[in-house]
Amino acid sequence: MTAGPGQPGTESSTADDVDPTAPAQATAADAAQPAADADASAAAADHDVAPSEPTEGMTAETAAGVEAEATAEGGSENAEAPRDEAAALTEDLKRVSAEYANYRRRVDRERQSAVEGAKASVLSGLLEIADELGLAAQHGDLEEGSPLRKFNDKFFAVLAAQGVEEFGAEGDDFDPSIHEAVQDLSEGGDPKVATVYRKGYRVGDRTLRNAMVIVGS
């Protein structure tokens, strides 16, 4: 049996199908949603710590000190590398300079020795002329004012200008390093030059020719 429009059954059925408070509840939920989202964002932001902010249990001053110390250590390490490289380069420069100085001294000594050797070779070739002039003097051929006497004087003046000195005179102590003994007539331990057969010559510390002598007491 179907209830009529004025019956109570019809009103009960209408009240169960349509909820008059539904629109109001949806509106309240929509209004609360942004607030909930804002709270969730704030909570998430609280969990994210920026790198520049001090960590838990550390003050801002302590964090700044740690950062400054780390920066100083990094700068010190970066500064040590150029200093070590500069020191190594300085040592290399000193070594090269010393090697170059030694090279220059060695070259100078070799050059000087070569010059002195060439000079001694030329002067040694002139000693035979000195011997001939010595024989002429012994035979009385070097008369004062004669052409040979003038040549003799000029020749020995040139040798003297080049530092040539003669040695080997009778009565000198016998020295085997500069005297060549052709006969030894000495008795005892103090040999002397008894007779000079040929004079010796030297220039500086270099001996051009040994003196040829007879050794006596």
task = Name the residue, out of LEU93, LEU135, LEU123, that is part of a helix (DSSP H, G or I) and in contact with a strand residue (DSSP E or B) (Cβ under 8 Å, 6 or more places away or on another chain).
result = LEU123
message = Yes or no: region 147-166 includes at least one residue that is in a strand (DSSP E or B), touching a residue at least 24 places away in the same chain (Cβ under 8 Å) and surrounded by 14 or more Cβ atoms within 10 Å (Cβ to Cβ).
response = yes
For TYR201: the one exception among (1) at pLDDT 95 or above; (2) farther than 29 Å from GLY117 by Cα = (2)
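The values are calculated or read from the model by the stated rules, or taken from the named source; none is laboratory data. Predicted model, so just to flag it, every value in this text is computed and none were measured. Reconstructed Cβ throughout: ideal geometry from the backbone, glycine too, with neighbour counts over all protein chains shown.
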